[in-house]
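To start, the structure itself, in structure tokens.
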Amino acid sequence: VSARESEAPAGCIFCRIATGSMTVPLVYEDDRCIAFADVNPQAPVHVLIIPRQHIESLADVSADEALLGRILAAAAEIGRRAGMAPGGFRVVINSGPDAGQSVAHLHAHFLAGRPMSWPPG
Ligand code: 5GP
Ligand code: ZN
């Protein structure tokens, strides 16, 4: 793991969810990731998949290919669930200010339930 991957910083909302100090219903969980509904959904189904470990962004993942694979595998599993994404789904990871990343704890957006345009805004 990279030196920039650290323990939960005070004030990281996703660390609070990951550690259970803030309780939300989980859509998915395994030993490395959890998933829960986005508080401000941009599609009928909008789930965030996050690592339990605090990593600021995709740019801060150095060598943990297994974790990255797990995040995508979680998205695939959610997408296979009955009723979650009958018409398909989109997975988005915003990294850094130009991409609009607003929470500095790595997360993948799982979006489904409506047709989506391309390119994204
Ligand atoms: P970003 O803009 O960083 O790619 O995505 C951050 C996402 O986190 C946004 O879609 C926002 O709605 C969501 N979010 C921010 N704070 C909370 C929270 O406290 N709970 C949940 N469930 N989602 C949050
Ligand atoms: Zn965090």
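The values are calculated or read from the model by the stated rules, or taken from the named source; none is laboratory data. No experiment lies behind these values; they were computed from the predicted model shown. With ideal geometry, Cβ positions are generated from the backbone for all residues, glycine too; neighbour counts draw on all protein chains shown. Just so you know, the surface numbers come from the protein's heavy atoms only, side chains and all, with ligands and any DNA or RNA stripped out. Shrake-Rupley method; radii C 1.70, N 1.55, O 1.52, S 1.80 Å.
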Selection count where residues are surrounded by 20 or more Cβ atoms within 10 Å (Cβ to Cβ) and in contact with a Cys (Cβ under 7 Å, 6 or more places away or on another chain), scope the range 35-89: 6
Number of the condition not met by P86 [criteria: (1) at negative phi; (2) of a type outside the set (D, E); (3) within 11 Å of ligand 2 (Cβ to nearest atom)]: (3)
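Which of the residues belonging to the range 90-104 are of a type in the set (D, E, K, R) and either open to solvent by less than 50 Å² (accessible area, probe 1.4 Å) or assigned to a helix (DSSP H, G or I) (or both)? It would help to see each step written out before you state the result.
Filtering the range 90-104 for residues of a type in the set (D, E, K, R) gives 90, 98.
Within the range 90-104, D98 is the sole residue that qualifies.
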Qualifying residues in the range 1-17 (those that are within 15 Å of ligand 1 (Cβ to nearest atom) and surrounded by 13 or more Cβ atoms within 10 Å (Cβ to Cβ)) - the one modelled with the lowest pLDDT: A8
